[in-house]
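Participant: This is the structure, below, for whatever I ask next.
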Amino acid sequence: MNPFNKNKVELTTIAAQVRRDILRMVHAVNSGHPGGSLGCTEFFVSLYFKIMDHDPKFNMSGANEDIFFLSNGHISPVWYSVLARSGYFEVSELATFRKLNSRLQGHPATHEHLPGIRIASGSLGQGLSVAIGAAQAKKLNGDDKLVYVLMGDGELDEGQIWEAAMYAPHHKVDNLIATVDYNGQQIDGPTDAIMNLGNLRAKWESFGWKVLNCTDGNNFDELLPVLEEAKSLTGQGQPIIILMNTQMGFGVDFMMGSHKWHGVAPNDAQLQEALLQLKEAQDDY
Amino acid sequence: MKDFPYTESKDTRSGFGAGLHELGKTNPNVVALCADLTGSLKMDAFKKDFPERFFQVGIAEANMIGLAAGMTIGGKIPFTGTFANFSTGRVYDQIRQSVAYSGKNVKICASHAGLTLGEDGATHQILEDVGMMRMLPHMTVINPCDFNQTKAATIAIAEYDGPVYLRFGRPVVPNFTPADQKFEIGKAVILNEGADVSIFATGHLVWKAILAGKLLAEQGIDAEIINIHTIKPLDEEAVLASVSKTRCVVTAEEHQLNGGLGDSIAQLLARKIPLPIEMVGVNDSFGESATPDQLMEKYGLNEAAIVNAVQTVMARK
């Protein structure tokens, strides 16, 4: 079923185009969240163009395919771009992002029936629970495909995450690969200053998860082997989580590493300056 | 006034447990989740006979709602079980985003609703749950009146594709509705036809309305008594047909006046047929510890309160 098994050069090319999409989408409506979207671009491109066995002829049930949930829904631009670029809907529809009567809501939603979206997210802390539920349904159905979920690191402040963290190992949910976008930033500033996450690896391990580190989630050479390792560790009685270091705003020099671009769109001049740093690869919409 | 004979009294939560167990036998997609209150919710039989479809969540209601929403994606029909307080107020945002807005087929099953929880007191006696669930777009809200009807409702909501809030309780009440009833979501049940006043009751107040009807009959007042087991969607046709005849209304519910059945009917009447209406319910107050009967008397939720409301509203005709 998986038509996507791109090599690293192809993935790099796609990532540049996705970054252009993100910037143009948020610029057009002067709102949205470019920082985390840019930081997670390699992750999304890896999942949808290499790692996941998925079908762009979208079926809500996701039976017999790998499925993905985005818990930190505010980075919807990167998800929408990757869904469109992998064939879930027309790339031209990206131009409707956050506009009236669009299927591309500010935060992902289902009732507009946008292919690729299986649950609404945006109010933080809920996606891990949903992903675990979907993974357990797959087990009940005898479906051996995997469930992926991405969370933000700031989102780990939410108590529901830790309810879910306790549940999954207890119920041996081992067909699940969770990832934390560990960029160290949240809206009000660095996570260390706002709510120190402490030793995340020790926290997840003590809850019973198999924890993998990705030292540079913006580098395919670092990221792809960790994702492959995570897949190889499924089915062994333990849920898996990847702590993925990324840089917020990666790929645009003046946006990198700062929480300033968490929820701010570039102006006209900033957009042009950013686009000069990213080669158009598959035609802008 | 019709007679409503019954041979036994039972709790509505046991009706839920019996319905869920029946569903376990008949519908392989039904799964159950419980937040450490399996015995209180009467989910033991389902757990015992269908252990692979029963999920113990621990005292983690937010996670339970999210899990249930996720399970629907694989075609499961999840029934979540905990007290009404923890089924709604504690997890309103989870229900709003992951269930109602996302259109997920989750059945939120809530026991120990209202004052009849009794001695545990106000922390557990939620009286706002119907209001919260009613306000959510796409949510169906059901509050059956006795064991048989709760069992029938539990079975019926599995057939309906969409989010449902099913509310029931702890006290033992007369089990007077037919064991073989077909539960129709959104269809009011006319228990007694009458000409002088329409009494719309839901949940435990349905039996109180029947008791009130008998007292009113002794006073020569002919009350129409209607069981509104589905608060949303409201059976507007049945309500309007009844009030067109009786020209005055009393509502009765174990809930705040704000946001409940009375609110819903008053809104309908204000738009369509403005008529005198009196409401029996809790008036902007929390509950407290006592026996259920003591509380229902103190907070004005018994047959005497309904009789008083009828006399008041008829004087306003």
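Participant: With the checklist (1) touching a residue at least 12 places away in the same chain (Cβ under 8 Å); (2) over 27 Å from A:GLN247 (Cβ atoms); (3) more than 7 Å from chain B (Cβ to nearest Cβ); (4) not hydrophobic (A, V, I, L, M, F, W, C) in hand, flag the one item A:GLN185 doesn't pass.
Facilitator: (2)
Participant: Kindly indicate whether B:ALA32 is within 29 Å of B:GLY121 (Cα to Cα), small (Gly, Ala, Ser), surrounded by fewer than 24 Cβ atoms within 10 Å (Cβ to Cβ) and within 14 Å of chain A (Cβ to nearest Cβ).
Facilitator: no
Participant: How many of the residues in the range A:240-268 are under 18 Å from the mean Cα position of the chain (by Cα), modelled with pLDDT of 95 or more and not hydrophobic (A, V, I, L, M, F, W, C)?
Facilitator: Number of matching residues: 5.
Participant: If you don't mind, another one. Examine the range B:116-127 for a residue that is closer than 22 Å to B:ALA32 by Cα, crowded, with 20+ Cβ neighbours inside 10 Å and either under 12 Å from the mean Cα position of the chain (by Cα) or small (Gly, Ala, Ser) (or both), and state whether such a residue exists.
Facilitator: no
Participant: Residue by residue through the range B:6-35, note down the ones that are over 22 Å from the mean Cα position of the chain (by Cα) and in a loop (DSSP other than H, G, I, E, B).
Facilitator: B:THR7, B:ASN27, B:PRO28, B:ASN29, listed by residue number.
Participant: Another question, then. If you take just the strands (runs of 3 or more DSSP E) that sit entirely in the range B:38-112, which of them hold at least 3 residues that are in contact with a helix residue (DSSP H, G or I) (Cβ under 6 Å, 6 or more places away or on another chain) and more than 12 Å from chain A (Cβ to nearest Cβ)?
Facilitator: Output list reads B:107-111.
Participant: To continue, here is another question. Restricting attention to the range A:192-230, which residues are part of a helix (DSSP H, G or I) and closer than 30 Å to A:ILE14 by Cα?
Facilitator: A:PHE220, A:ASP221, A:GLU222, A:LEU223, A:LEU224, A:PRO225, A:VAL226, A:LEU227, A:GLU228, A:GLU229, A:ALA230
Participant: When A:LEU150 is evaluated against the numbered criteria (1) surrounded by fewer than 22 Cβ atoms within 10 Å (Cβ to Cβ); (2) more than 10 Å from chain B (Cβ to nearest Cβ), which criterion, by number, is the only one it fails?
Facilitator: Status for A:LEU150: all satisfied but (1).
To keep it simple, each residue is scored yes or no on (1) under 21 Å from B:ASP3 (Cβ atoms); (2) among the polar types (S, T, N, Q); (3) in a loop (DSSP other than H, G, I, E, B).
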position	(1), (2), (3)
B:ILE185	no, no, yes
B:SER198	yes, yes, no
B:LYS214	yes, no, no
B:GLU237	no, no, no
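Participant: Hey, among A:GLU222, A:GLU228, which residue is in contact (Cβ under 8 Å) with a residue 24 or more places away in the chain, of a type in the set (Asp, Glu) and under 25 Å from A:VAL147 (Cβ atoms)?
Facilitator: A:GLU228
Participant: In contact (Cβ under 8 Å) with a residue 40 or more places away in the chain and facing another protein chain (nearest Cβ under 9 Å): does that describe A:ALA134?
Facilitator: Yes, satisfied.
Participant: In the set A:LEU233, A:LEU200, which member is within 18 Å of A:GLY127 (Cβ to Cβ) and touching an Asp or Glu at 6+ places or on another chain (Cβ under 9 Å)?
Facilitator: Among A:LEU233, A:LEU200, only A:LEU200 is within 18 Å of A:GLY127 (Cβ to Cβ) and touching an Asp or Glu at 6+ places or on another chain (Cβ under 9 Å).
So that you can scan it fast, the table gives a plain yes or no per residue for (1) surrounded by fewer than 18 Cβ atoms within 10 Å (Cβ to Cβ); (2) away from chain B (no Cβ under 14 Å):
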site: A:GLU10; (1), (2): yes, yes
site: A:THR13; (1), (2): yes, yes
site: A:LEU23; (1), (2): no, yes
site: A:GLY32; (1), (2): no, yes
site: A:GLY36; (1), (2): no, yes
site: A:ASP53; (1), (2): yes, yes
site: A:PHE69; (1), (2): no, no
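Participant: Could you tell me which of the residues A:GLY142, A:GLY125 is within 11 Å of another protein chain (Cβ to nearest Cβ), at positive phi and touching an Asp or Glu at 6+ places or on another chain (Cβ under 7 Å)?
Facilitator: Just one listed residue meets the conditions, A:GLY125.
Participant: Taking B:ALA241 and the conditions (1) of a type in the set (A, V, I, L, M, F, W, C); (2) within 20 Å of B:ARG167 (Cα to Cα); (3) in a helix (DSSP H, G or I), which numbered condition does it fall short on, given that it satisfies the others?
Facilitator: (2)
Participant: Please tell me if A:VAL91 is crowded, with 19+ Cβ neighbours inside 10 Å, away from chain B (no Cβ under 14 Å) and of a type in the set (A, V, I, L, M, F, W, C).
Facilitator: So A:VAL91 does not fit the description; no.
Participant: Residues in the range A:199-209: is at least one touching a Gly at 6+ places or on another chain (Cβ under 8 Å) and either surrounded by fewer than 23 Cβ atoms within 10 Å (Cβ to Cβ) or away from chain B (no Cβ under 12 Å) (or both)?
Facilitator: Taking every residue of the range A:199-209 in turn, none turns out to be touching a Gly at 6+ places or on another chain (Cβ under 8 Å) and either surrounded by fewer than 23 Cβ atoms within 10 Å (Cβ to Cβ) or away from chain B (no Cβ under 12 Å) (or both).
Participant: Being among the basic types (Lys, Arg) and surrounded by fewer than 19 Cβ atoms within 10 Å (Cβ to Cβ) is the requirement here; does A:LYS99 meet it?
Facilitator: yes
Participant: Yes or no: the range B:192-200 includes at least one residue that is at pLDDT 95 or above, buried (at least 24 other Cβ atoms within 10 Å of the Cβ), in the same structural domain as B:ILE306 (by TED's automatic domain parsing) and among the polar types (S, T, N, Q).
Facilitator: The answer is yes; a qualifying residue exists.
Participant: For the range A:157-172, does any single residue satisfy the condition of being at pLDDT 95 or above, under 26 Å from B:TYR92 (Cβ atoms) and not in a helix (DSSP H, G or I)?
Facilitator: Yes, the range A:157-172 has at least one match.
Quick grid of which residues meet (1) buried (at least 21 other Cβ atoms within 10 Å of the Cβ); (2) among the hydrophobic types (A, V, I, L, M, F, W, C):
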position	(1), (2)
B:ALA270	no, yes
B:ILE273	no, yes
B:GLU278	yes, no
B:GLY281	yes, no
B:ASP284	no, no
B:ALA290	no, yes
B:GLU297	no, no
B:ASN308	no, no
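Participant: Going through B:LEU257, B:LEU295 one at a time, which residue ends up being free of Cβ contacts under 8 Å to residues at least 40 places away in the same chain and in contact with a helix residue (DSSP H, G or I) (Cβ under 8 Å, 6 or more places away or on another chain)?
Facilitator: From the options B:LEU257, B:LEU295, the qualifying one is B:LEU257.
The values are calculated or read from the model by the stated rules, or taken from the named source; none is laboratory data. As the structure is a prediction and not an experimental result, all values here were calculated from the model. Every residue, glycine as well, gets a Cβ built from its backbone with ideal geometry; the counts of neighbours run over all protein chains shown.
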